[in-house]
Amino acid sequence: MNHVVLTGDRPTGPLHLGHYFGSLANRVELQHRHRMYVLVADYQVITDRDLPGEIQRNITELLLDYLAIGLDPGKVTIFQHSAVPELNQLLLPFLSLVSMAELQRNPTVKDEILHSSQSAVSGLMFTYPVHQAADILFCKGTLVPVGRDQLPHVEVTRLVARRFNERYGMVFPIPEAMMGAQPSLSGLDGGKMSKSRGNAIPLKATEDETAALIRRAVTDSDRHITFDEELRPGVAGLLTLAGLCLDRPPRELAEEIGDGGAARLKSVTTDAVNDFLRPIRKRRADLDEGAVRSVLREGNAVARERAALTLEEVRRAMGF
Ligand code: ATP
Ligand code: MG
């Protein structure tokens, strides 16, 4: 089956290993067989903070990360929210299709409110999942490679598509989420690895920075290393990370490390991560910032054209 794939990230900081094993690895794979759009979700930055911050710098960093992991701009359309105003026009009718109660019970929104740095919880915090429906449906997306936290949002999109079709006639496909090898990778403090929570290993970190980050990871005092996600989340998190990078089961690594303790575990993990990321980091260092910006300009034009077609179809279906 041929899919239209849509996925994206907020330009809130450099991409990390959670992104890689949650979604990026799937993207690199899928780009060869399907039509793919990748969104730089710049408007979404202000869902959980008052100001967009270093937005231009972060967009450039995100583009460098995309190209470094092997997304091919010849195959993939990379574009940004703020350059495609048609997305906001789709948002409006889509908002009429969901209830306040549905928006308020979204578990990911609840979790993000807890970690938010906003002075007050904004309306955008509750409505951005509907904006995401516009992101996915503007290109009639059918497959959405995401981490676990995004599943409730993909559900909102499915709801919007179904209700639109019921009220106005068949316009949208009902998209499916696709989770990666590790739908929710833990960060160095045991919580979900996240750009804004200071617990991530960025893809672009140097080998020394990586070693320093892993040295500070939370573990425990039991010298005998075992894999137990419930009782030893910190140790299990490092074993999982090393296992993903080495393509080996974490339990097997635990047995090998045995009585080596946290120090040995950390050194194995550091080597695994650095070996895994070396080619990606090398490609990143060779990229030109001006060239990656023009990738975005071209992608924006393609996405706008596609969005205008869908918006026209939506208006016609609604009788506007
Ligand atoms: P922020 O803290 O700014 O929200 P983030 O690290 O949560 O950043 P997003 O841009 O919100 O990253 O998410 C981009 C994509 O990466 C989403 O599909 C999300 O599900 C996935 N993702 C993010 N963190 C992880 C993780 N720790 N494990 C697996 N997937 C993840
Ligand atoms: Mg997030």
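The values are calculated or read from the model by the stated rules, or taken from the named source; none is laboratory data. Remember, it's a predicted structure, so these values are computed and weren't measured experimentally. All Cβ positions, glycine included, derive from the backbone under ideal geometry; neighbour counts span all protein chains shown.
The figures follow:
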read-out: Count of residues meeting criterion [surrounded by 19 or more Cβ atoms within 10 Å (Cβ to Cβ), more than 16 Å from ligand 2 (Cβ to nearest atom) and in a loop (DSSP other than H, G, I, E, B)] in region 121-151; value: 4
read-out: Among (1) within 21 Å of Leu64 (Cα to Cα); (2) surrounded by fewer than 20 Cβ atoms within 10 Å (Cβ to Cβ), the one test that Glu176 misses; value: (1)
read-out: Test: Glu166 is touching a strand residue (DSSP E or B) at 6+ places or on another chain (Cβ under 8 Å), exposed (fewer than 15 other Cβ atoms within 10 Å of the Cβ) and in the same structural domain as Asp48 (by TED's automatic domain parsing); value: no
read-out: Residues (away from ligand 2 (no atom under 14 Å from the Cβ) and in contact with a strand residue (DSSP E or B) (Cβ under 8 Å, 6 or more places away or on another chain)) located in region 1-25; value: Asn2, His3, Val4, Val5, Leu6
read-out: Criterion: within 16 Å of ligand 2 (Cβ to nearest atom) and closer than 26 Å to Gly8 by Cα - qualifying residue of Val154, Val171, Val160; value: Val154
read-out: Filtered residues of region 101-120 (kept if surrounded by 14 or more Cβ atoms within 10 Å (Cβ to Cβ) and not in a helix (DSSP H, G or I)); value: Asn106, Ser116, Gln118
read-out: Enumeration of residues in region 180-199 that are farther than 14 Å from Ala242 by Cα and within 15 Å of ligand 2 (Cβ to nearest atom); value: Gly180, Pro183, Ser184, Gly191, Lys192, Met193, Ser194, Lys195, Ser196, Arg197, Gly198, Asn199
read-out: Qualifying positions in region 195-242 - β-branched (Val, Ile, Thr) and part of a loop (DSSP other than H, G, I, E, B); value: Ile201, Thr206, Val218, Thr219, Ile225, Thr226
